[in-house]
Amino acid sequence: QVQLVESGGGLVQAGGSLRLSCAASGRTGSSGAKAWFRQAPGKEREFVASISWSGGGTRYADSVKGRFTISRNNAKNTMSLQMNSLKPEDTAVYYCAAGSGTVEAVLTNNYPYWGQGTQVTVSS
C-alpha cells in the first residue's frame, strides 16, 4: 500500500500562485508515474498533470499548460505542483495519485493510490 498526503492548498486571488505538495509513504518503491487530478463541485475528477518515474517525462492538460509545473523528488518521496497565473476556473479539490503506469496515464482508473485532496480556491 502507498499512502499519499497533499498539502499547500488555500485561497488565492486570480493571477496568484500556489505550490501543492504530495508526500508518499508505505510501499513507495514502484517505478511508476504520479499525477495530479482535480475535481470541481458538480464535475467529474479530471486530469491535470503527470510525471514519469525519472521526472524526465511530463504531460499536462491543455487548460493548465504553460501555467502549472509538475515535479518529483524520489529520494524524498515527494511530488509538487507549482501553479502560476491561477484563474477562478482552477478552483477545485486537487488530488495526487500514484500508480505503476507511464506518464501517458491520464485516467483516474490508471492510478490505484490517491490522497485525500486539498482545496484550492481562486477568487476573481
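FYI, it's all coordinate maths here, none of it is from the lab. A quick note: this is a predicted structure, and the numbers were derived from the prediction, not measured.
Structure values in brief
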item	result
Under the Karplus curve 6.51 cos²θ - 1.76 cosθ + 1.60, θ = phi - 60°, whole-Hz ³J(HN,Hα) for segment 73-79, x wherever Gly or Pro sits	10, 5, 5, 9, 6, 10, 9
Long-range amide H partners of Q3 with built H, under 5 Å	S25, G26, R27
Reachable lysines from K76, criterion Cα separation under 22 angstrom, eight or more residues apart if same chain	K34
Using θ = phi - 60° and Karplus 6.51 cos²θ - 1.76 cosθ + 1.60, couplings along segment 92-98 (whole Hz; Gly, Pro as x)	4, 8, 9, 10, 9, 9, 9
Within a Gaussian network of the chain (alpha carbon springs, distance under 10 Å), most fluctuating of L107, L86, L20	L107
